[in-house]
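In what follows, a single structure is set out as structure tokens and then discussed.
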Amino acid sequence: MELTVAVTGASGTIYAHRTLLHMAASGAVERINLIMSGTAPVVARVEMGVKIEEGDAAAVNEWVGLPRDSKLIRFHRLSNLAATPASGSHPQAGMAVVPCSMGTLGAIASGAGTNLIHRAADVTLKEGRRLVIVPRETPYNAIHLENMLRLSRAGARIMPASPGFYHRPQSIEQLVDHLVFRLLDQFGIPHPTGSQWKGEGP
Ligand SMILES: Cc1cc2nc3c(=O)[nH]c(=O)nc-3n(C[C@H](O)[C@H](O)[C@H](O)COP(=O)(O)O)c2cc1C
């Protein structure tokens, strides 16, 4: 399976980190097309203390526990509208925008995108492929909510960064993984068990 993961400048870099890490560990993903917005590395530095520069695949590999020379992740430039995710003729399972800022959400919802994240999301929708959006902001204003509704109606899955607590997380990673595993479910990507609800009562 090949898919695209876009990381934007919303809070919650750890959601992107755990998504990449679990996709890499799943054995089900052969290629991840990674795109980062201009603000994403700033938030990554603030929140996780990591220094990632555009195109630095070795740094991303190290960050997610892959060998530095691994080719699993292909790190595309944001301005490269000739990259593979920009074309519907390039076969892919879909795309996740995690975390998704309100700016990127609005650009995708308007259909008037200007960078590779916007274009790849647009292509994913027009091809009828799975587009998962993990928006993060609080509170949402009416524009944010209308943009989410618009995207949902266009076929996107809106999965706000709002993890559950019923698996009694003992760490931030376990808390974050609750959302990340639900995201992987959207693509049929296997993941460690433990957070699924097993049911209660007779
Ligand atoms: C530390 C930090 C945290 C931020 N958190 C959010 C957030 O949770 N949601 C959001 O929509 N924007 C947030 N922003 C603002 C976005 O980064 C900003 O709107 C940016 O223009 C988004 O552009 P992008 O979508 O191209 O990444 C944050 C910015 C910084 C520096």
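Summary table
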{"item": "Some residue of the range 127-143 being of a type outside the set (S, T, N, Q), closer than 20 Å to HIS17 by Cβ and out of contact with any helix residue (DSSP H, G or I) (no Cβ under 9 Å at 6 or more places or on another chain)", "result": "no"}
{"item": "Answer from GLU53, GLU30 - the residue that is closer than 23 Å to ASP177 by Cβ and of a type outside the set (Val, Ile, Thr)", "result": "GLU30"}
{"item": "Out of ARG45, ARG74, ARG129, ARG68, sole residue that is of a type in the set (D, E, K, R) and within 13 Å of the ligand (Cβ to nearest atom)", "result": "ARG45"}
{"item": "Restricting the range 106-133 to residues that are among the hydrophobic types (A, V, I, L, M, F, W, C) and out of contact with any strand residue (DSSP E or B) (no Cβ under 9 Å at 6 or more places or on another chain), the residue that is surrounded by the most Cβ atoms within 10 Å (Cβ to Cβ)", "result": "ALA109"}
{"item": "Members of the range 134-150 found to be in contact with a strand residue (DSSP E or B) (Cβ under 6 Å, 6 or more places away or on another chain) and over 12 Å from PRO99 (Cβ atoms), listed by number", "result": "MET148"}
{"item": "Residues of the range 162-185 satisfying the condition of being touching a residue at least 60 places away in the same chain (Cβ under 8 Å) and either open to solvent by 40 Å² or more (accessible area, probe 1.4 Å) or in contact with a Ser or Thr (Cβ under 8 Å, 6 or more places away or on another chain) (or both)", "result": "ILE172, GLU173, ASP177, LEU179, VAL180, PHE181, LEU183, LEU184"}
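Yes/no matrix, rows are residues, columns are (1) assigned to a loop (DSSP other than H, G, I, E, B); (2) among the polar types (S, T, N, Q); (3) at pLDDT below 90:
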site: PHE165; (1), (2), (3): yes, no, no
site: LEU175; (1), (2), (3): no, no, no
site: GLN186; (1), (2), (3): no, yes, no
site: THR193; (1), (2), (3): yes, yes, yes
site: GLN196; (1), (2), (3): yes, yes, yes
site: GLU200; (1), (2), (3): yes, no, yes
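The values are calculated or read from the model by the stated rules, or taken from the named source; none is laboratory data. Model, not experiment: these values are computed from the prediction. Reconstructed Cβ throughout: ideal geometry from the backbone, glycine too, with neighbour counts over all protein chains shown. Remember, those area values only see protein heavy atoms, side chains included, never the ligands or the DNA or RNA. Shrake-Rupley method; radii C 1.70, N 1.55, O 1.52, S 1.80 Å.
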